[in-house]
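The values are calculated or read from the model by the stated rules, or taken from the named source; none is laboratory data. In this text, all values refer to a predicted model and were calculated from it rather than measured experimentally. With ideal geometry, Cβ positions are generated from the backbone for all residues, glycine too; neighbour counts draw on all protein chains shown. Please note that ligands, DNA and RNA were not included when accessible areas were found on the heavy atoms of the full protein model with its side chains. Shrake-Rupley method; radii C 1.70, N 1.55, O 1.52, S 1.80 Å.
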Amino acid sequence: MTIIEFFKDVNKKKFKEILNKTDNDFGKTKDFELINSWTQIIKGSDPISKYELSYLVTRDSTQTKEYFRMQKENDTIKIISYRVDFDIVSKK
């Protein structure tokens, strides 16, 4: 999915539904920790700014790693992707 498709297909209401489904599937967020971040800023005639934040999220039933990628458009930073990673094999 390209950035334009993400914005077209995933409006704020749909994104909230995705977050609610994540809560329903993995449990409510109990705690979170920023584990990585990066920023890329390109200046010039076609400037662009990109960001990624990675979190370790402790939930009711498991831990997930969640990634938010963002891009600056004009003076607004928009989410361009959201990813959840989780371990399907429970640890004993």
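Within the range 12-38, the set of residues being open to solvent by less than 90 Å² (accessible area, probe 1.4 Å) and either touching a helix residue (DSSP H, G or I) at 6+ places or on another chain (Cβ under 9 Å) or polar (S, T, N, Q) (or both) comprises N20, T22, T29, N36, S37. Residue pairs whose Cβ atoms lie under 6 Å apart, separated by 6 or more positions or on different chains, with the first residue in the range 27-43 and part of a strand (DSSP E or B) and the second of a type in the set (D, E), are W38/E52.
Does S54 satisfy the condition of being of a type in the set (G, A, S), in a loop (DSSP other than H, G, I, E, B) and within 22 Å of D25 (Cα to Cα)?
Details: of a type in the set (G, A, S): yes; in a loop (DSSP other than H, G, I, E, B): no; within 22 Å of D25 (Cα to Cα): yes.
Spelling it out, it is not the case that S54 is of a type in the set (G, A, S), in a loop (DSSP other than H, G, I, E, B) and within 22 Å of D25 (Cα to Cα).
Figure legend. Inter-residue proximity from the range 1-22: first residues within 21 Å of K65 (Cα to Cα) and among the aliphatic types (A, V, I, L, M), second residues open to solvent by 70 Å² or more (accessible area, probe 1.4 Å) and modelled with pLDDT of 85 or more, beta-carbon distance below 9 Å, spacing 6+ or different chains. No pairs are indicated.
Taking the condition of being of a type in the set (G, A, S) and either outside any strand (DSSP E or B) or open to solvent by 60 Å² or more (accessible area, probe 1.4 Å) (or both), how many residues in the range 57-92 meet it? Show your work before the answer.
Within the range 57-92, the subset of a type in the set (G, A, S) is 61, 81, 90.
From the residues that got through so far, the ones that are either outside any strand (DSSP E or B) or open to solvent by 60 Å² or more (accessible area, probe 1.4 Å) (or both) too are 61, 90.
So the answer is 2.
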